[in-house]
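The values are calculated or read from the model by the stated rules, or taken from the named source; none is laboratory data. As the structure is a prediction and not an experimental result, all values here were calculated from the model. Every residue, glycine as well, gets a Cβ built from its backbone with ideal geometry; the counts of neighbours run over all protein chains shown.
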Amino acid sequence: MTASSFPVLSALIFFPLGAAAALLAVKNVDLIRKLTLVAGIIEIALALPLLGFDLSSGAFQFVEKAAWVPQWGLTYSLGVDGISLLMVFLTVALLPLCVLCSWNYISKRIKEFHIVLLLMTSACVGVFVALDFVLFYLFWEAMLVPMYLLIAVWGGPNKRYASIKFFLYTLAGSTLLLVAIIAFYVAGGTFFIPGLMTKTFSPELQFWTFLAMALAFAIKCPMFPFHTWLPAAHVEAPTAGSVLLASVLLKMGTYGFLRFCIPLAPNACVTFAPLMIALSIASILYGGVIALGQKDMKKLIAYSSVGHMGFVTLGIFLFSQRGVEGAIMQMLNHGITTGGLFMLVGAAYERSHSREIADNMGLGKFLPAYMFFFGLFSLSSLGFPGTNSFVGEALVLVGAFQNSLLVGGLAIPGAMLAAAYMLRLLQKLAWGQPSCGAKFADLSRREWIYLTPLAILVFYIGLAPTLTLRVMDPSIDNLLKEFTAKTTNIAEHDAPAGLTQYLALIGKEARP
């Protein structure tokens, strides 16, 4: 592990908290918006030292460690590797964009709204950088409160139902996660995550802890059939809430699979791999089919997220270099693309006061700049070559076909369904019979500012993904090598039927 002299990660966690406290003394509404925007820009500047990340090392870097509660073995431990670094950058980059896209959208409790955004950023960064299991769990739970408030206070007509459903679903999963954390501490004698990764736990412990962790992470992803909270939460949340929910919160579930399930319960991962792959395929197909029949733009994009995150979990449980690369790429790309789509839906709602497709048809005839961005993010969402999502989906499909023709073949219809529902939406918005688009103004300068960075990333990652892959590859190599070493001692007679091919695949594909 590589330490840093400047506490970059602590600064990223605590600066938003300080900014939120400062906003308590501000009364002017416009000044609150501007100060929060400045705070978001400063947060990005504080993350710039992370650009010094050593691309040749898969170890944790920028490590900070201090005594916390020594009697219980708790340490204040932070660090990033190639898996978490990309998620940290995505999280901090979204804060100023969320402020800009909410500039006119939020008209009540404006101070409280921006404080909640800052608290949300702090908790999300903490989840991705925590190296102590208890510290991770505190950030994991802390994130629920601001997200609940975003939906319950600034949400739509059914905000009470959506916010409570979101809170109860995720809290139920979190309770099981806490049980798994305690079990690992009892067996491993530490809460320090890198220390636990070096240990080998009994098959029985791995079996039960995997079930507990997998349920918590599957709810957060969300995987079919634990997805039912997501459409309601997305539809009722304000634009910034939908962006953070899709771009950051959903990734915490798949991050948990990568960070905890594979290193700490590798044998159980192998045992449950067929089930997880089956649920991933079900998520891909179910999300696509349901999205195809939606009339509400937000609900369509919400169900598309179920399908896209299905590709992520599929890539993870292939246990191959290409599969895991594709999964992490898809985590990043989904955050960029779906975040942009939710921002555009919010921009349309500000004009038409409706999210129904029928009320926003024909915008392409009056809002060319708007339709340029909508077309770009739609093509990215369906995985069009040259866009960022194509890279992630292609890598996952390569890993799937390396696994078996059946797995790859079952995933292909998901990509076809994505093309069907996104092109249908794009066609109706661009060339449908105009409803009231002639009354609307095209994108404002503020809207250009928050959409352009995401559009640049769509092209950059789509056309030049090498740097992104170089960031994650050493950490993926370390993850799969450790996984292979821990799973090779599974005796063939101990493995469930049908898993012998997985063992052969792991040994073959984990080699860089």
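Looking for whichever is farther than 12 Å from residue 462 by Cα and touching a Phe, Trp or Tyr at 6+ places or on another chain (Cβ under 8 Å) here; the options are 378, 352. Which one fits? Explain how you work it out, then say what you get.
Numbers: 378 fails: touching a Phe, Trp or Tyr at 6+ places or on another chain (Cβ under 8 Å).
352 is the lone residue from the list that is farther than 12 Å from residue 462 by Cα and touching a Phe, Trp or Tyr at 6+ places or on another chain (Cβ under 8 Å).
Looking at (1) surrounded by fewer than 22 Cβ atoms within 10 Å (Cβ to Cβ); (2) not in a helix (DSSP H, G or I), which is the one condition that is false for residue 47?
Evaluating residue 47 over (1) surrounded by fewer than 22 Cβ atoms within 10 Å (Cβ to Cβ); (2) not in a helix (DSSP H, G or I) leaves (2) as the failure.
Just the residues that are crowded, with 24+ Cβ neighbours inside 10 Å and of a type in the set (Phe, Trp, Tyr), please, taken from region 334-369.
Listed by number, the list holds a single entry, 342.
Looking at (1) part of a helix (DSSP H, G or I); (2) surrounded by 24 or more Cβ atoms within 10 Å (Cβ to Cβ); (3) not β-branched (Val, Ile, Thr), can you tell me which one residue 282 breaks?
(2)
Does residue 480 satisfy the condition of being surrounded by 13 or more Cβ atoms within 10 Å (Cβ to Cβ), over 21 Å from residue 82 (Cα atoms), of a type in the set (A, V, I, L, M, F, W, C) and at pLDDT 85 or above?
Details: surrounded by 13 or more Cβ atoms within 10 Å (Cβ to Cβ): yes; over 21 Å from residue 82 (Cα atoms): no; of a type in the set (A, V, I, L, M, F, W, C): yes; at pLDDT 85 or above: yes.
Considered against the rule, which asks whether it is surrounded by 13 or more Cβ atoms within 10 Å (Cβ to Cβ), over 21 Å from residue 82 (Cα atoms), of a type in the set (A, V, I, L, M, F, W, C) and at pLDDT 85 or above, residue 480 comes out as no.
Where residues in region 169-187 are more than 19 Å from residue 257 (Cβ to Cβ) and over 20 Å from the mean Cα position of the chain (by Cα), which of them is surrounded by the most Cβ atoms within 10 Å (Cβ to Cβ)?
Pass one, region 169-187, residues more than 19 Å from residue 257 (Cβ to Cβ): 171, 182, 185-187.
Next, from what is left, pick out any that are over 20 Å from the mean Cα position of the chain (by Cα): 182, 185-187.
Numbers: 182: 14, 185: 18, 186: 9, 187: 15.
Selected residue: 185.
Would you kindly identify the helices (runs of 4 or more DSSP H) lying entirely within region 188-267 that contain at least 2 residues that are buried (at least 24 other Cβ atoms within 10 Å of the Cβ)?
Details: elements: 193-197, 203-220, 229-236, 239-244, 250-256.
In region 188-267, the matching helices (runs of 4 or more DSSP H) lie at 203-220, 229-236, 239-244, 250-256.
Looking at (1) out of contact with any Phe, Trp or Tyr (no Cβ under 7 Å at 6 or more places or on another chain); (2) aromatic (Phe, Trp, Tyr); (3) within 22 Å of residue 471 (Cα to Cα), which is the only condition residue 319 fails?
The number of the failed condition is (1).
Name the residues in region 171-187 that are under 18 Å from residue 132 (Cα atoms) and either of a type outside the set (Ser, Thr, Tyr) or outside any helix (DSSP H, G or I) (or both), would you? Can you show your working first?
First, the residues of region 171-187 that are under 18 Å from residue 132 (Cα atoms): 174-187.
176, 177, 178, 179, 180, 181, 182, 183, 184, 186, 187, listed by residue number.
Against the conditions (1) closer than 27 Å to residue 449 by Cα; (2) of a type in the set (Ser, Thr, Tyr); (3) without any contact (Cβ under 8 Å) to a residue 12 or more places away in the chain, where does residue 5 fall short? Just the number, please.
Against the list (1) closer than 27 Å to residue 449 by Cα; (2) of a type in the set (Ser, Thr, Tyr); (3) without any contact (Cβ under 8 Å) to a residue 12 or more places away in the chain, residue 5 comes up short only on (1).
Across region 140-163, what is the number of residues that are without any contact (Cβ under 8 Å) to a residue 40 or more places away in the chain and either under 26 Å from residue 16 (Cα atoms) or assigned to a loop (DSSP other than H, G, I, E, B) (or both)? Show your work before the answer.
Taking region 140-163 and keeping what is without any contact (Cβ under 8 Å) to a residue 40 or more places away in the chain, we get 141-142, 144-146, 148-149, 152, 160.
Now narrow it down to the ones that are either under 26 Å from residue 16 (Cα atoms) or assigned to a loop (DSSP other than H, G, I, E, B) (or both): 141-142, 144-146, 148-149, 152.
Matching residues across region 140-163 total 8.
Considering only region 172-186, state which residues are at pLDDT 85 or above and among the hydrophobic types (A, V, I, L, M, F, W, C).
If the condition is that a residue be at pLDDT 85 or above and among the hydrophobic types (A, V, I, L, M, F, W, C), then 176, 177, 178, 179, 180, 181, 182, 183, 184, 186 are the ones that fit.
For region 78-92, state whether one or more residues are without any contact (Cβ under 8 Å) to a residue 60 or more places away in the chain and not aromatic (Phe, Trp, Tyr). Don't jump to the end; show me each part of the working.
Start the filter on region 78-92 by keeping residues that are without any contact (Cβ under 8 Å) to a residue 60 or more places away in the chain, which leaves 89.
The next check asks that each one be not aromatic (Phe, Trp, Tyr); those that pass are none.
Checked against the condition, which is being without any contact (Cβ under 8 Å) to a residue 60 or more places away in the chain and not aromatic (Phe, Trp, Tyr), region 78-92 yields no hits at all.
Could you check region 18-40 and list, in sequence order, the residues that are touching a helix residue (DSSP H, G or I) at 6+ places or on another chain (Cβ under 6 Å) and surrounded by 14 or more Cβ atoms within 10 Å (Cβ to Cβ)?
19, 20, 23, 26, 32, 36, 37, 39, 40
What number of residues in region 65-90 are in contact with a strand residue (DSSP E or B) (Cβ under 6 Å, 6 or more places away or on another chain), surrounded by fewer than 22 Cβ atoms within 10 Å (Cβ to Cβ) and polar (S, T, N, Q)?
The number of residues fulfilling the criteria is 1.
Mind listing just one residue for me: the one in region 91-138 that is of a type in the set (S, T, N, Q) and over 16 Å from the mean Cα position of the chain (by Cα) and, of those, surrounded by the most Cβ atoms within 10 Å (Cβ to Cβ)?
Of region 91-138, the ones of a type in the set (S, T, N, Q) are 91, 102, 104, 107, 121-122.
Narrowing further to those that are over 16 Å from the mean Cα position of the chain (by Cα): 102, 104, 107.
Details: 102: 25, 104: 14, 107: 10.
Within region 91-138, the match that is surrounded by the most Cβ atoms within 10 Å (Cβ to Cβ) is 102.
Going through region 141-168 one residue at a time, which ones are out of contact with any Leu (no Cβ under 7 Å at 6 or more places or on another chain), among the aromatic types (Phe, Trp, Tyr) and over 15 Å from residue 115 (Cβ atoms)?
161, 166 - these are the residues of region 141-168 that are out of contact with any Leu (no Cβ under 7 Å at 6 or more places or on another chain), among the aromatic types (Phe, Trp, Tyr) and over 15 Å from residue 115 (Cβ atoms).
If I filter region 370-382 down to residues being among the aliphatic types (A, V, I, L, M) and within 21 Å of residue 303 (Cα to Cα), which single residue comes out as surrounded by the fewest Cβ atoms within 10 Å (Cβ to Cβ)? Break it down stepwise before answering.
Going residue by residue through region 370-382, those that are among the aliphatic types (A, V, I, L, M) are 371, 376, 379, 382.
From what is left, the residues that are within 21 Å of residue 303 (Cα to Cα) are 376, 379, 382.
Numbers: 376: 20, 379: 22, 382: 22.
Once the filter is applied, the top-ranked residue is 376.
When you look at residue 295, is it surrounded by fewer than 22 Cβ atoms within 10 Å (Cβ to Cβ) and either among the basic types (Lys, Arg) or on the phi > 0 side of the Ramachandran plot (or both), yes or no? Step through it out loud before you land on a result.
On the way: surrounded by fewer than 22 Cβ atoms within 10 Å (Cβ to Cβ): yes; either among the basic types (Lys, Arg) or on the phi > 0 side of the Ramachandran plot (or both): yes.
So residue 295 fits the description; yes.
Can you tell which of 136, 192, 128 is within 22 Å of residue 93 (Cα to Cα), touching a residue at least 12 places away in the same chain (Cβ under 8 Å) and either out of contact with any helix residue (DSSP H, G or I) (no Cβ under 6 Å at 6 or more places or on another chain) or of a type in the set (S, T, N, Q) (or both)? Can you show your working first?
Values: 192 fails: within 22 Å of residue 93 (Cα to Cα); 128 fails: either out of contact with any helix residue (DSSP H, G or I) (no Cβ under 6 Å at 6 or more places or on another chain) or of a type in the set (S, T, N, Q) (or both).
Step by step, each of 136, 192, 128 is checked, and only 136 is within 22 Å of residue 93 (Cα to Cα), touching a residue at least 12 places away in the same chain (Cβ under 8 Å) and either out of contact with any helix residue (DSSP H, G or I) (no Cβ under 6 Å at 6 or more places or on another chain) or of a type in the set (S, T, N, Q) (or both).
Any idea which of 445, 424 is under 25 Å from residue 290 (Cα atoms), among the basic types (Lys, Arg) and surrounded by fewer than 19 Cβ atoms within 10 Å (Cβ to Cβ)? Reasoning before the result, please.
Working: 445 fails: under 25 Å from residue 290 (Cα atoms).
So the residue among 445, 424 that is under 25 Å from residue 290 (Cα atoms), among the basic types (Lys, Arg) and surrounded by fewer than 19 Cβ atoms within 10 Å (Cβ to Cβ) is 424.
What's the total number of residues in region 404-429 that are over 27 Å from residue 281 (Cα atoms) and at pLDDT below 85?
Adding up the residues that qualify gives 0.
If residue 62 satisfies all but one of (1) buried (at least 21 other Cβ atoms within 10 Å of the Cβ); (2) within 20 Å of the chain's Cα centre (by Cα), what's the number of the condition it fails?
(2)
Scan region 8-44 for residues that are without any contact (Cβ under 8 Å) to a residue 60 or more places away in the chain and touching a strand residue (DSSP E or B) at 6+ places or on another chain (Cβ under 8 Å) and report the count.
Number of matching residues: 1.
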